[in-house]
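Everything below concerns the one structure shown next.
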Amino acid sequence: MGASELTVDREPSTGQGTDGRRDLGLRPAPELIDTHCHLADRRLSGRLEAVLARSRAAGVTKWIAASASHDEWDRLLELSTIHEGLHAAFGIHPWYCDRHQAMHLHRLPALLDQAVAVGECGLDFGPKRPAPKLQEHWLRLQLQLAKELAKPVILHAYKSLDRLIAMIEEVPEITGVVHGFAGSRQQAERLIARGFFLGLGTRLLRSGRLKRLVDGLPLHALLIESDAPDQSLHANRLNEPAVLPRILAEVARIRAMESELLALQLNSNAARLFSLETQANGAKA
Ligand SMILES: [Zn+2]
């Protein structure tokens, strides 16, 4: 089990197609949890049944579905009651914070009663985004809400990670995940020291820097995610949770470990953060 050479023949070969589960051999793999996707996104409406069917066929049977803006909340709440395994997170994304008022914030506690996390919230200091001060105002409110309701936060960060870390360090009671993590080793270590998780998505498949970073991080702090319908590997196609086995296979390859064992660890991480029930103890998927 400890000999890393043994895992080499399990590495995905090129031309294997997009179904990473073919690489897992005859044993059934544990079912996977997509810890960050946007299933209430308008771009998926009308095709969600097919997206979820492809997801289940790929072994991804639970989803943490985040919302970006108040206009998604009702649909997401409805989806979370219809689809088993679909867990909602309600929040205000930094891109859209200038479209929100106090009344939207006041609606959040009742929604969060039926949710596993606050989010997606965070900071994005890219061009043409709402003013940083306004973003920080909305993030601070949501971090306080997470603290009051004892819910984890799902965080977005772009060119803002140091500021984001400083803000979460001001609220030591909360935990959460920085989804689509793309920061430095030092930033990763600061987050992990605060009890935060790092979400890994399709960017991992293309970034040598991220692969080297993932090689040295503690497994107990990692999650995998699609961010569907965003972060697609194909220019003209929407991303889907069914991509998750490829991310799992890549982390397993980097860490030279069995995909099944890694999946159990990642499921257990997600279960811990989002208070989910899973087969994390190795029961059959
Ligand atoms: Zn997202």
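The values are calculated or read from the model by the stated rules, or taken from the named source; none is laboratory data. In this text the structure is predicted, and so the values were computed from the model without any measurement. Counting neighbours? That spans all protein chains shown, and the Cβs are built from the backbone with ideal geometry, glycine included.
What helices (runs of 4 or more DSSP H) lie completely within the stretch 190-285 and have 3 or more residues being farther than 21 Å from residue 41 by Cβ and under 15 Å from the mean Cα position of the chain (by Cα)? Steps first, please.
Numbers: elements: 208-215, 244-255, 259-274.
The qualifying helices (runs of 4 or more DSSP H) are 244-255, 259-274.
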Practice problem: Kindly list the number of the only condition in (1) under 30 Å from residue 211 (Cβ atoms); (2) touching a strand residue (DSSP E or B) at 6+ places or on another chain (Cβ under 7 Å); (3) of a type outside the set (Val, Ile, Thr) that fails for residue 167. | Solution: (2)
Exercise. Would you please name the residue that is farthest from the chain's Cα centre (by Cα), looking only at residues in the stretch 106-121 that are surrounded by fewer than 16 Cβ atoms within 10 Å (Cβ to Cβ) and under 12 Å from residue 70 (Cα atoms)?
Key: 106
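It is to be established whether one or more residues within the stretch 211-227 are free of Cβ contacts under 8 Å to residues at least 60 places away in the same chain and within 15 Å of the ligand (Cβ to nearest atom). Write out each step before concluding.
First pass over the stretch 211-227, keeping only residues free of Cβ contacts under 8 Å to residues at least 60 places away in the same chain: 211-222.
Those still in the list that are within 15 Å of the ligand (Cβ to nearest atom) too: none.
The answer is no; no qualifying residue exists.
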Quiz item: Does the stretch 94-103 contain any residue that is within 24 Å of residue 63 (Cα to Cα) and either touching a strand residue (DSSP E or B) at 6+ places or on another chain (Cβ under 8 Å) or among the basic types (Lys, Arg) (or both)?
Solution: yes
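Search the stretch 175-194 for residues being among the aliphatic types (A, V, I, L, M) and either under 28 Å from residue 229 (Cα atoms) or at pLDDT below 95 (or both), and hand back the single one that is surrounded by the fewest Cβ atoms within 10 Å (Cβ to Cβ).
The residue in question is 192.
Each row is one residue, and each column tells you yes or no for (1) more than 25 Å from residue 110 (Cα to Cα); (2) under 19 Å from the mean Cα position of the chain (by Cα); (3) charged (D, E, K, R).
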| residue | (1), (2), (3) |
| --- | --- |
| 56 | yes, yes, yes |
| 62 | no, yes, yes |
| 65 | no, yes, no |
| 73 | no, yes, no |
| 76 | no, yes, no |
| 79 | no, yes, no |
| 82 | no, no, no |
Practice problem: Kindly provide the set of residues from the stretch 113-130 that are more than 16 Å from the ligand (Cβ to nearest atom) and closer than 21 Å to residue 199 by Cα, ordered by number. | Solution: 125
Quiz item: Counting just the residues of the stretch 47-72 that are away from the ligand (no atom under 15 Å from the Cβ) and modelled with pLDDT under 95, which one comes out surrounded by the fewest Cβ atoms within 10 Å (Cβ to Cβ)?
Solution: 71
Self-check item: Residue match in the stretch 195-210 (condition: surrounded by 18 or more Cβ atoms within 10 Å (Cβ to Cβ), of a type in the set (Gly, Ala, Ser) and modelled with pLDDT of 95 or more)
Solution: yes
Quiz item: Hey, among the residues in the stretch 131-158 that are within 16 Å of the ligand (Cβ to nearest atom) and not in a helix (DSSP H, G or I), which one's farthest from residue 113 (Cα to Cα)?
Solution: 158
Exercise. Tell me, please, whether a residue that is in contact with a Leu (Cβ under 7 Å, 6 or more places away or on another chain), in a loop (DSSP other than H, G, I, E, B) and closer than 23 Å to residue 58 by Cβ can be found in the stretch 178-188.
Key: yes
